[in-house]
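Read through the structure below, which is laid out as structure tokens, and then see the notes.
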Amino acid sequence: SQTIHQWPATLVQPVGSPLSLECTVEGTSNPNLYWYRQAAGRGLQLLFYSVGIGQISSEVPQNLSASRPQDRQFILSSKKLLLSDSGFYLCAWRMGQGTSGNTIYFGEGSWLTVV
Amino acid sequence: AQKVTQAQTEISVVEKEDVTLDCVYETRDTTYYLFWYKQPPSGELVFLIRRNSFDEQNEISGRYSWNFQKSTSSFNFTITASQVVDSAVYFCAFLNFGNEKLTFGTGTRLTIIP
């Protein structure tokens, strides 16, 4: 069966520091991968998605970037964090093809507090 | 553009009562998917169900049931005989066929009072 893991689970970072959140999916190949953010009092927002290695699409211009160095690995980064980057970050995946691939599954999430 | 509305921000019911969470969506697309996710206090989003736009059959899974009606653009979720473990935030979401972006509603916080 497929599983998704992301880490770290909790992070407290000072303003201006770098960020790296990592997500891996097991039990499948060539998944579509996503980063969502859930800010306090706001809904879930798609930040980035990737349909293949090295292929990144950005949904919202921001202080963050994403990379996909391997098929089942998705990384969310920032060179300099802002206070507004605080929130709950969720990695997600779905199968790349087929109607059964239209279900998106989420990881456990990472709580980021920028101080 | 697609839009998902969950008008109920918070609901509280006493344990064992039935409760229905409403979801209304807006789209011009003919092929799409609708979802419900549960977000317990731990934060992770737990997938509950996916329905395709071409399949209006209602579905029942244990104490959970879903009523999909294209005529009213609604996809409501009912929990029968609620339990304390059902306390969570529930999100309805929409995915256009061929798109990559899940559009979420703002969520309904459900509290089951023991």
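For the reader, a short list of remarks on this structure follows.
- Matching residues, segment A:60-75, being surrounded by 13 or more Cβ atoms within 10 Å (Cβ to Cβ), assigned to a strand (DSSP E or B) and of a type in the set (S, T, N, Q): A:Ser65, A:Ser67, A:Gln73
- Matching entry among A:Val25, A:Val51 (being more than 10 Å from chain B (Cβ to nearest Cβ) and assigned to a strand (DSSP E or B)): A:Val25
- Any chance A:Gly109 is surrounded by fewer than 13 Cβ atoms within 10 Å (Cβ to Cβ), in contact (Cβ under 8 Å) with a residue 12 or more places away in the chain and on the phi > 0 side of the Ramachandran plot: no
- The residues listed here are A:Ser57, A:Ser78, A:Ser1, A:Ser29; of these, the one that is buried (at least 16 other Cβ atoms within 10 Å of the Cβ) and of a type in the set (Gly, Ala, Ser) is A:Ser78.
- The single condition among (1) without any contact (Cβ under 8 Å) to a residue 60 or more places away in the chain; (2) buried (at least 17 other Cβ atoms within 10 Å of the Cβ) that B:Gly105 does not meet is (1).
- Of the strands (runs of 3 or more DSSP E) that lie entirely inside segment B:44-94, those containing 2 or more residues that are among the polar types (S, T, N, Q) span B:64-69, B:74-79.
- Yes/no for A:Ser86 being buried (at least 17 other Cβ atoms within 10 Å of the Cβ), at pLDDT below 95 and among the hydroxyl-bearing types (Ser, Thr, Tyr): yes
- Any hit, segment A:32-47, residues being assigned to a loop (DSSP other than H, G, I, E, B), touching a Lys or Arg at 6+ places or on another chain (Cβ under 7 Å) and not hydrophobic (A, V, I, L, M, F, W, C): no
- Flag if B:Phe97 is within 13 Å of the chain's Cα centre (by Cα) and either modelled with pLDDT of 95 or more or within 14 Å of another protein chain (Cβ to nearest Cβ) (or both): no
- Some residue of segment B:65-75 being loosely packed, with under 13 Cβ neighbours inside 10 Å and within 14 Å of the chain's Cα centre (by Cα): yes
- Evaluated against (1) of a type in the set (A, V, I, L, M, F, W, C); (2) surrounded by 13 or more Cβ atoms within 10 Å (Cβ to Cβ); (3) within 18 Å of A:Leu46 (Cβ to Cβ), B:Ala1 falls short on exactly one condition, (2).
- Residue match in segment B:20-27 (condition: assigned to a loop (DSSP other than H, G, I, E, B) and exposed (fewer than 13 other Cβ atoms within 10 Å of the Cβ)): no
- Note on segment B:28-60: among residues that are touching a residue at least 60 places away in the same chain (Cβ under 8 Å) and under 22 Å from B:Ser71 (Cα atoms), the one that is surrounded by the fewest Cβ atoms within 10 Å (Cβ to Cβ) is B:Thr31.
- Residue match in segment A:56-67 (condition: under 18 Å from B:Gly98 (Cβ atoms), at pLDDT below 95 and at the interface with another protein chain (Cβ under 9 Å from one of its Cβ atoms)): yes
The values are calculated or read from the model by the stated rules, or taken from the named source; none is laboratory data. Owing to the predicted nature of the structure, the values given are computational and were not obtained by experimental measurement. Reconstructed Cβ throughout: ideal geometry from the backbone, glycine too, with neighbour counts over all protein chains shown.
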